[in-house]
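Some notes on the structure that comes next.
The values are calculated or read from the model by the stated rules, or taken from the named source; none is laboratory data. These numbers come from a predicted model, not from an experiment. Reconstructed Cβ throughout: ideal geometry from the backbone, glycine too, with neighbour counts over all protein chains shown. These area figures cover heavy atoms from the full protein model, side chains too; ligands, DNA and RNA do not enter into them. Shrake-Rupley method; radii C 1.70, N 1.55, O 1.52, S 1.80 Å.
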Amino acid sequence: MKRKLVLENGMEFSGNGFGSDQFTVGEVVFTTGMTGYQETMSDPSFHKQIIVFTYPLIGNYGINPSDFESLNPFVGGIVVHEYAQTESHWQSQMNIDAFLKKQNIPGLCGIDTRALVKTIRSKGSMKGKFCNDNERTEEVVKKLQNTTLEHHVPEVSTPRPYSAPAEGYRVVLIDYGMKKSILKELYRRHCDIVVVPYNTDAQSILELNPDGIMLSNGPGNPEELLDSINIIKELSGKVPMFGICLGHQLYALAHGAKTYKMLFGHRGANHPVKELATNRVHITSQNHGYVVDEDSLKNTSLEVTHRALNDGTIEGLQDKENWAFTVQYHPESSPGPHDNEYLFNRFMSMIEEFKNN
């Protein structure tokens, strides 16, 4: 079945459709990971985005029950050069086409993904839509230009609190679109975890008697989440805090910094980041389209701790006045290398030091 992807600038890429026939508008972005397509598709941070996979063959090891980052994927669609119709892995339960059909996610294959990625790299991420090959491009472009993508976090955050009990430190995890692997890393450290919705007020969080607070990853523009920013302001300094990705950006905004949208963002499992204190370089998993503006840090209590080697952007912050640190990348990996799991140990050490003060 013929299908095409139309971009808001009028460009179109025609190929073959697979997966669902339900078409939605999404921001077209690309990811550079060679593996981990299942974790990528189920990452809530990809809410309403159409993912272009730069690796040419996707789906070769199928879909298994262990590698989901959320129970219900929120991705708007995927674009691949080729997908594997026959998968090969002992854990696989279905191929990628069957998975996309089951989850109502459309796919497009058989296009020059290199040309599409070069377009995004030069012109930036932009809105796009899958449609039938005979649909008029001009009409689709007009609709795209009049469409606003928003309300990301309320659609991916948990609607009610829940707990994962254990005997260690109590960590309240504010869910802006949390990946399952963050829970797993905390639980591996015997944390008594309480997950709360993104808009839970500061007093309710403090009444849970947390030893530490985790600010999760999530989708969208951090500046839209004014209530969340104010909640973090109220919580700051009361208990140790650790922010990841969107949580990193929200913490920065709560302390006087600013963020801006990148041209095409960082997405993939192979991004080099330098820790400035040690000069050690880590390979990181990343998924973000916004970044903290370094010029806005001048009159804040925040200092840069990590930096992306590809473009020099901020990848980590330390609060000099409060018990908190944040990173822009994903130390829980999945997909990606496990170089950065030490940051969860650092969070545990911060909690212990705070309690002993």
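Kindly establish whether E39 is of a type in the set (D, E, K, R), at pLDDT 95 or above, open to solvent by 10 Å² or more (accessible area, probe 1.4 Å) and touching an Asp or Glu at 6+ places or on another chain (Cβ under 9 Å).
Yes.
Do we have K101 as in contact (Cβ under 8 Å) with a residue 60 or more places away in the chain, basic (K, R) and either open to solvent by 100 Å² or more (accessible area, probe 1.4 Å) or within 13 Å of V52 (Cβ to Cβ) (or both) here?
yes
Given the criterion within 15 Å of the chain's Cα centre (by Cα), basic (K, R) and open to solvent by 30 Å² or more (accessible area, probe 1.4 Å), identify the matching residue among K355, K298, K261, K320.
K261
What number goes with the only condition from (1) part of a loop (DSSP other than H, G, I, E, B); (2) of a type outside the set (D, E, K, R); (3) under 28 Å from G312 (Cα atoms); (4) open to solvent by 70 Å² or more (accessible area, probe 1.4 Å) that G256 does not pass?
Against the list (1) part of a loop (DSSP other than H, G, I, E, B); (2) of a type outside the set (D, E, K, R); (3) under 28 Å from G312 (Cα atoms); (4) open to solvent by 70 Å² or more (accessible area, probe 1.4 Å), G256 comes up short only on (4).
Of all residues in the range 42-66, which are surrounded by fewer than 20 Cβ atoms within 10 Å (Cβ to Cβ), at pLDDT 95 or above and farther than 23 Å from I120 by Cα?
Of everything in the range 42-66, those that are surrounded by fewer than 20 Cβ atoms within 10 Å (Cβ to Cβ), at pLDDT 95 or above and farther than 23 Å from I120 by Cα turn out to be N60, Y61, N64.
V140: free of Cβ contacts under 8 Å to residues at least 40 places away in the same chain and crowded, with 22+ Cβ neighbours inside 10 Å, yes or no?
No: the conditions fail for V140.
Kindly evaluate E224 against the criterion of being of a type in the set (D, E, K, R) and more than 18 Å from the chain's Cα centre (by Cα).
Judged against the criteria, E224 is not a match.
Have a look at T305, T326 and point out the one that is open to solvent by 10 Å² or more (accessible area, probe 1.4 Å) and not in a loop (DSSP other than H, G, I, E, B).
Sole residue among the options that is open to solvent by 10 Å² or more (accessible area, probe 1.4 Å) and not in a loop (DSSP other than H, G, I, E, B): T305.
Of all residues in the range 306-341, count the ones that are aromatic (F, W, Y) and out of contact with any strand residue (DSSP E or B) (no Cβ under 9 Å at 6 or more places or on another chain).
0
So, in the range 329-342, how many residues would count as being in contact (Cβ under 8 Å) with a residue 60 or more places away in the chain and surrounded by fewer than 21 Cβ atoms within 10 Å (Cβ to Cβ)?
Selection size over the range 329-342: 2.
What are the pairs, 6+ residues apart or on separate chains, where a residue within the range 119-131 that is touching a residue at least 40 places away in the same chain (Cβ under 8 Å) and open to solvent by 10 Å² or more (accessible area, probe 1.4 Å) has its Cβ under 6 Å from a residue that is aromatic (F, W, Y) and assigned to a strand (DSSP E or B)?
Every condition considered, the pairs that remain are R121/F264; S125/F264.
Select, from H266, H248, the only residue that is within 21 Å of I232 (Cβ to Cβ) and either exposed (fewer than 14 other Cβ atoms within 10 Å of the Cβ) or not acidic (D, E) (or both).
Every option except H248 fails the conditions.
When the residues of the range 162-221 are narrowed to those that are without any contact (Cβ under 8 Å) to a residue 60 or more places away in the chain and among the polar types (S, T, N, Q), which ends up nearest to N340 (Cα to Cα)?
S216
Quick one: in the range 1-35, of everything that is in a strand (DSSP E or B) and of a type in the set (S, T, Y), which residue is most open to solvent (accessible area, probe 1.4 Å)?
This residue is S14.
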